[in-house]
1. Taking square-rooted eigenvalues a ≥ b ≥ c of the alpha carbon gyration tensor, is the range 133-239 rounded, prolate or oblate, where a/c under 1.5 means rounded and, failing that, a/b exceeding b/c means prolate?
2. Could you size up the charge dipole of the chain around its Cα centre, putting +1 on the beta carbon of Lys and Arg and -1 on that of Asp and Glu, and report it in debye to the nearest 20?
3. Which of rounded, prolate, oblate describes the range 20-146, given a ≥ b ≥ c as roots of the alpha-carbon gyration tensor eigenvalues and a/c under 1.5 marking rounded, otherwise prolate only if a/b is larger than b/c?
4. Using Cα atoms only, what is the angle between the long axis of helix 2-17 and the major principal axis of the chain, expressed in degrees (0 to 90) to the nearest 10?
5. Could you calculate the contour length gain from LEU29 to SER96, that is, 0.36 nm times the residue separation minus the distance between their Cα atoms, to one decimal place in nm?
6. Under the rule of -39500 (n - 2.57) per DSSP H run of 4 or more residues, summed and divided by the residues of the chain, what mean residue ellipticity at 222 nm is obtained, to the nearest 500 deg cm²/dmol?
7. Could you tally the net charge around GLY199, taking each other residue with its Cβ under 11 Å from the Cβ of GLY199, Lys/Arg +1 and Asp/Glu -1?
8. Hey, what angle do you get for helix 34-44 against the long axis of the chain, alpha-carbon based, 0 to 90 degrees rounded to 10?
Amino acid sequence: MQSRARALIALAVVGLSGCGGGSTASTPLAQVPAQLALSQILQRGYTEPTTVSGSAQVNGTTRPVIGTATLTQSPAKLTTFNGQPAFVVTSTTTGSALIGGQPLPIASTTQSYYTLGFAPLGTTTADGATCAASNAGAYPATVSAGQSGAVASYTCTGINGAPAGSASISFSAAPGSNAASVLFTLNQQLLDPLGVPVGNLQVRYAMDTNGNVTVVYQLQVLVLGGIPVTLGFSVQSSG
């Protein structure tokens, strides 16, 4: 019965495609040069004011978080990473928030390393661990809304050289504000040596078919003052 229904549906679709006005060609999805756009924003850096919202776990109770912060990414600088020439980019988040009406400073700094062609090599975490890829990762050359995939996998070591878990970076793309743009999100997941998630960073960019790119949103799962928090940073200039 199901196969017959599928056959009838297929015949109906064929019949519509052969009739005048039965169907119209869909608009092709925008192909955005993600690799080019990311290399450009890594080279120039940015400083963006944001509004902050989220939640915190305090003594087993979920409390709302509100505040303001500034996201800063330095322009890429030449350095070395694991003995090879590389670019380093420093990302900082500074601001203040209220957790259930109580003030709490926001402060986080990480460094990310790239090949001279801006393929991801590794990163340092807020607690001093270094995560490195055995082979450089790769951003997609082009991307359309609906696509997703892996970018890089890292092995992490602590400041004392002990195993500190692993990290992975993936990407996803969603429709942008118009037919020539997409929202491109990089998602970095940090796991402890037992494979338990201990941190997450998501950065969302608006990209268009000309390679123009801006950061519009960031989500961080981290610990501030001993309190686990999930914070969303909405860039004010992105509207």
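1. Details: a/c = 2.90, a/b = 1.55, b/c = 1.87.
Cα axes put the range 133-239 in the oblate bin.
2. On the way: 6 positive and 4 negative charges, 76 e Å.
In total the dipole reaches around 360 debye.
3. It is oblate, given that a/c is not under 1.5 and a/b is not larger than b/c.
4. 80
5. Details: separation 67, 0.36 × 67 = 24.12 nm, distance 3.99 nm.
Going from the current span to full extension adds 20.1 nm.
6. Values: 2 runs with 27 residues, N = 239.
So the helix-based figure for the chain works out to -3500 deg cm²/dmol.
7. Taking every other residue near GLY199 into account, the sum is -2.
8. Relative to the chain, helix 34-44 is tipped by roughly 30 degrees.
Rule-based calculations on the coordinates, nothing more; no lab input. Just so it is clear, the structure is predicted and the values come from calculations on it, not from any experiment. Cβ sites come from the backbone with ideal geometry, for glycine too, and all protein chains shown count toward neighbours.
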